[in-house]
Amino acid sequence: MRAASLTDPDWDLVRRCQNASGADFEEAYRQLFVLYKNRVYTVCLRVTGNEEDALDAAQETLVTLARRVHEFGFRSRFSSWVYRIAVNAAIDVRRRRLETTHGPVSIMLGNGEGESVQELSTDPTASDPLVRTETEESRDLVQQALSSINPRFSSLLVLRYVQGLSYEEIAEILECNLGTVKSRLNRAHAALREFLTHHGGESYLEP
């Protein structure tokens, strides 16, 4: 991606990792690790909903990053590549946790991708309860919601509102177009609002 080549500050460090070996690789990777460890953990914590699973998912992500950094092809932002690995790891850990507790389950919890969900707004960012509750000290209820709805929806909300990524960056992470990102965000908002409505969070929603 040409735009990424002009704006991505991580590419030089990635090239150092790819061209190094031994102690030189360890030093270059250590810098990548420091750069991304907190962002990776935050995504994993919000998607999985607990510290133990978040640590497992973050560790899987960072191990995968070290093992596969040589495969990065410089066709996107490096951060998009890392977030994609982190989201998939968090969803996998959450799925394994559910299967351990409840037996085999579908990853499509709540409203599935193919279901028709009424869009509450033509603008996916309008009156978003995740943003409002985070500013109203209601993090526990929000996290409970993120841990309960479809993990693919919760990961979208985390990328957009916790990590502050643009639609374009999310599209790059998910490898889809902008229209798909906006449509999925609308469904994610609907699932989040439905949970809040049924768990005493009506006051966080716009009339």
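The values are calculated or read from the model by the stated rules, or taken from the named source; none is laboratory data. Not measured: the values here are computed from a predicted model.
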query = Name the residues in segment 18-51 that are among the polar types (S, T, N, Q) and under 30 Å from ASN150 (Cα atoms), would you?
reply = ASN38, THR42, THR48, ASN50
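Anything in segment 73-101 that is hydrophobic (A, V, I, L, M, F, W, C) and either modelled with pLDDT of 95 or more or part of a helix (DSSP H, G or I) (or both)? List them, or say none.
Of all residues in segment 73-101, those hydrophobic (A, V, I, L, M, F, W, C) come to 74, 78, 81-82, 85-87, 89-91, 93, 98.
PHE78, TRP81, VAL82, ILE85, ALA86, VAL87, ALA89, ALA90, ILE91, VAL93, LEU98 - these are the residues of segment 73-101 that are hydrophobic (A, V, I, L, M, F, W, C) and either modelled with pLDDT of 95 or more or part of a helix (DSSP H, G or I) (or both).
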